[in-house]
Amino acid sequence: MNDTPHTGPDRVPPGQYTTDKWPVLTYGSTPRVDPETWTFRISGLVAAERVFSWLEFQALPRVRITADFHCVTRFSTLDNVWEGVATLELLRHVQVGPEASHVLVHCYGGYTTNLPLEDFLSERALLADRHDGKPLPIDHGGPVRLVVPHLYAWKSAKWVNGVELTPEDRRGFWEENGYHTYGDPWQEERFSSQETREAYQVRRRAKELGLVPKD
């Protein structure tokens, strides 16, 4: 994982263009979630599940992160100000099992996305309920969305309502439908077909080095 903010000529990933607009891109209908009924569940490889209500979530220590936002459809918006609760803070309230290596993020509407646990716990990752000083709009994931700035924005899932800790990588919705399982913008990890090529190249190099038998 490299979650260090990029600056200078490396600030915008390859293949991206910057815009002052914030397009709304959603698969399916937009869930309408009342904050009074919103909950967030931490489940899976934890000693005991924990469910936060809206009031409990709002009572947690808050953070503010300024970060760029890179969509796999190639637009980037710069200097977004996100406010909410750090993912690190949320997992302080459960006992995580030692075999946990990944998370599957769950959302209202049935959407899911997967992340290595290390990336989910980046110091710059948060559950955001405010954007640029205003409550997060419904179309952009309000009342709460995940924000993981160092990965493509489909990993920053909208309308989140839970995270499941798992012992292995389990693909989410877009990952099962052709997107890369990790999604590093600076490596242009857009599509799952790239993973097949990457695996082939690794195996070919291993054969050249005599690390695996040749066919």
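The values are calculated or read from the model by the stated rules, or taken from the named source; none is laboratory data. As the structure is a prediction and not an experimental result, all values here were calculated from the model. Cβ sites come from the backbone with ideal geometry, for glycine too, and all protein chains shown count toward neighbours. The protein model used for the area step is the full one, side chains on, heavy atoms only, and it has no ligands, DNA or RNA in it. Shrake-Rupley method; radii C 1.70, N 1.55, O 1.52, S 1.80 Å.
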Mean accessible area per residue over the chain (1.4 angstrom probe, all protein chains present, square angstrom) is 52 Å²
For the chain: relative contact order, % (alpha-carbon pairs under 8 angstrom, 6 or more apart):
22 percent
From the C-alpha gyration tensor of segment 1-64, square roots of 5λ in Å:
33, 20, 14
Rel. contact order, % - alpha carbon contacts under 8 angstrom, at least six apart, segment 1-75
33 percent
Taking R0 as 25 Å, what's the FRET efficiency between F191 and Y27 from their Cβ-Cβ distance, rounded to 0.05?
0.95
What's the angle, to the nearest 10 degrees (0 to 90), between helix 192-208's Cα axis and the longest principal axis of the chain?
40 degrees
Simple SL model, points at 7 angstrom along Cα→Cβ for Q58 and V81; separation in nm is 2.1 nm
A convex hull over the alpha carbons of the chain yields, per residue, a volume in Å³ of 140 Å³
Where a ≥ b ≥ c are root eigenvalues of the Cα gyration tensor, a/c under 1.5 meaning rounded, otherwise prolate if a/b exceeds b/c and oblate otherwise, segment 78-124 counts as oblate
Surface/4 of the Cα convex hull for segment 110-168, nm²:
4.3 nm²
First compute the accessible area of the chain with a 1.4 Å probe, then give the percent of it belonging to carbon and sulfur atoms.
51 percent
Note the per residue figure in Å³ for the convex hull of the C-alpha positions in segment 134-183.
93 Å³
Can you say what percent of the DSSP beta bridges in the chain, counting only those with both residues inside, are antiparallel? Round to 5.
85 percent
Scan around C107 for amide H atoms under 5 Å from its own, H built in the peptide plane at 1.01 Å from N, and keep only partners 5 or more places away or cross-chain.
N161
Restricting to DSSP H runs of at least four residues, report the calculated mean residue ellipticity at 222 nm for the chain, -39500 (n - 2.57) per run over all residues, nearest 500 deg cm²/dmol.
-4000 deg cm²/dmol
Taking a cut-off of 15 Å between Cα atoms, list the aspartates and glutamates near K158, but don't count ones fewer than 8 places away on the same chain.
D34, E83, D129, D139
